[in-house]
Each structure stands twice: as C-alpha cells, then as structure tokens.
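What follows is one structure encoded as structure tokens, with my remarks underneath.
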Amino acid sequence: MQFFTGRYSLSLDNKGRIAIPAKMRQVAADQGSERFYVTIGSHKNLDLYSEPGFIEKADLMKSRKAIETEREIYLRRKLFGNTEQCVPDKQGRIVIPPHLREHAGLDGEVLVSGAGDHLEIWQKATYEAYIRKQEELEELEQNRERQRGDTSSHSGSTD
C-alpha cells in the first residue's frame, strides 16, 4: 500500500476548489479509486481520504457500533454528517463544500500535507502556528527531561 506523503502549498480558488497534486491522485488511483472523501480533521483542518481509505475508516467506526455509547454515537454523527464525496475534475481539482471550508478557515493559500493513510488540508497560517506550538511544547518537554536528569545525578552525591 502506498502512503500519502509530502507537503504542497496550493491556492483555493473563488469557487472553493483546490487542485490535488498528481502524485496524491496517483496514490488514490493505486488504492483503487480516483474519488476522495473530505471531512473535518482532528484540529482546525480537514482530512481527505481516498475512497478505499474512507471505507476502511467507516468500517472501523461501524465495527464499534456494538459499544453504542453516547460518545460513539456522537463520533459517528460527526464523521458521517461532515463528510462529502469529491471527484476530481479533468484538472485534478476538487470542490471543498462551504461548511467544511468554514470549519478549517480555508481561504486563499492552503497547505495539503500527507498523513500516511490520508491527506490533511490546512489554512497555511494555521498549520504553521500549529507546528510552532508543537515544536515549543516538544522543546519544553526535552528541557524538563534534561532537568530531571541533572537533578537526579546531583541528588546522589555526598561531600
């Protein structure tokens, strides 16, 4: 199975369309379909699945139906109620529905990033801010670990 990898800066046109890079369309075609499903992501972004990838995600969601907790019902409604099928036109463009563009704050310059089994679509500035925040948190955690290591090595010494 091929994975969606790489990062692309694209423009959202005035009709709400973006051109899916040829490499990404080829991965979807190699998975067995040229159709995509766009849905809300786990952050202020959108997730774009190939049709086989979305079917796999949907099957996983349906297999958990036996649990039928309030949270599972909510997650199922959130996924299926906010998912639209997109078929690229001859130029490889897909239309992102207005409610999904609004959710992710998409306007003008957007970023499409590979996420392994799917693609993520971000407003470019939102993605950059998210990455900066994650890098800052990672640096803080590394500093804490170094401090813990320094503290433990000094606590055992006697003079």
| query | Quick one: is Lys65 part of a helix (DSSP H, G or I) and at pLDDT 90 or above? | reply | no
| request: Within the range 16-51, track down each residue that is in a helix (DSSP H, G or I) and out of contact with any helix residue (DSSP H, G or I) (no Cβ under 8 Å at 6 or more places or on another chain). | output: Ala22, Lys23, Met24, Arg25, Gln26, Val27, Ala29, Asp30
| query | Can you tell me how many residues in the range 51-93 are touching a Phe, Trp or Tyr at 6+ places or on another chain (Cβ under 6 Å) and either open to solvent by less than 80 Å² (accessible area, probe 1.4 Å) or without any contact (Cβ under 8 Å) to a residue 40 or more places away in the chain (or both)? | reply | 3
| remark: Residues in the range 29-50 that are in contact (Cβ under 8 Å) with a residue 12 or more places away in the chain and more than 16 Å from the chain's Cα centre (by Cα) total 6
| Neighbours by Cβ (under 7 Å, 6+ apart or cross-chain): first from the range 100-111, farther than 15 Å from Ser9 by Cβ; second outside any strand (DSSP E or B) and of a type in the set (Lys, Arg) | Ala104/Lys44; Gly105/Lys44
| query | Looking at this structure, is Ala22 of a type in the set (A, V, I, L, M), in contact (Cβ under 8 Å) with a residue 12 or more places away in the chain and open to solvent by 60 Å² or more (accessible area, probe 1.4 Å)? | reply | yes
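Please pick out the residue among Glu102, Glu145 that is open to solvent by 90 Å² or more (accessible area, probe 1.4 Å), at pLDDT 95 or above, acidic (Asp, Glu) and more than 29 Å from Asp30 (Cβ to Cβ).
It is Glu102.
The values are calculated or read from the model by the stated rules, or taken from the named source; none is laboratory data. A quick note: this is a predicted structure, and the numbers were derived from the prediction, not measured. Cβ atoms come from the backbone with ideal geometry, glycine included; neighbour counts cover every protein chain shown. The protein model used for the area step is the full one, side chains on, heavy atoms only, and it has no ligands, DNA or RNA in it. Shrake-Rupley method; radii C 1.70, N 1.55, O 1.52, S 1.80 Å.
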